[in-house]
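The values are calculated or read from the model by the stated rules, or taken from the named source; none is laboratory data. Bear in mind the structure is a predicted one, so any value in this text is a computation, not a measurement. Cβ: placed from backbone, ideal geometry, glycine included. Neighbour counts: every protein chain shown. Heavy atoms of the whole protein, side chains included, go into the accessibility calculation; ligands, DNA and RNA do not. Shrake-Rupley method; radii C 1.70, N 1.55, O 1.52, S 1.80 Å.
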Amino acid sequence: MPPIDPWRSFWPIIDLTLYDADAAAAEMALKHWRIRKNSCASVVVSGNCIGETRGASQFYICFDGSASSMLPFDPACSEYSWFTDQRGKGVYNLGEASRSQVIEVITWPLGTLIHEGKVKQPNILSIDAEGATLQILRGLGDEHFEEIVGLFIEAALLPTHKGEAPLHEILAYAVERNYLCIDFGQSGRFSLAEMHMGAFDRGPKSHIED
């Protein structure tokens, strides 16, 4: 059963920024959010590639844009199949979907972009980075976690990229920064976990009045 969306009531006041270095995937995500979350106050796309450190890096643009990643696909997983629904329909081969071309990009830690005033400090952070979740969290910097009251993380139960942090390391990193997992579920693709995590020792710096 997919996780509930504890932030649903806040969508009308949310300014949503999407980060994706793959233009095709960014357009797909933008269309998704404009249609399914059309109650957002605003939705914009940033072409910045978010990572742990600032500098030149390789980015793997995959045949399936939603599989593009900063990490190379692990060939050992080439014969795995993913299911797009619970009934096993829409099956596609993971190795085929992850065929990629490599481009050079400049990665930016999200914490650096915030510190330099290039983007706003987020209050809710959602990460679906095809294996690079922990790198993005590390790039945020501990000082910026203070303003983030909610994390939404999609991570593979079985790592499929070289250098991908296992799920327990991602959870441990968040717990060390005073987050609790308030909901844990399985996405339509059986190998993915979806987690909502809330900061348990702090709240938003402002409140909403009726």
Rounded to whole Hz, the Karplus (6.51, -1.76, 1.60) HN-Hα couplings of segment 73-78, x for glycine and proline: 5, 7, x, 5, 9, 4
Each residue of segment 53-60 in order: what ³J(HN,Hα) in whole Hz does its phi give by Karplus 6.51 cos²θ - 1.76 cosθ + 1.60, θ = phi - 60°, with x for Gly and Pro? 10, 8, x, 6, 8, 8, 10, 9
Rough spin-label spacing in nm, given labels placed 7 Å along Cα→Cβ, for Gln101 and Ser126: 2.9 nm
Could you check how much of the accessible area of segment 57-175 is carbon and sulfur, as a whole percent, using a 1.4 Å probe? 54 percent
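What accessible area per residue, rounded to a whole number of Å², is obtained for segment 68-183 using a probe radius of 1.4 Å?
On a per-residue basis, 50 Å².
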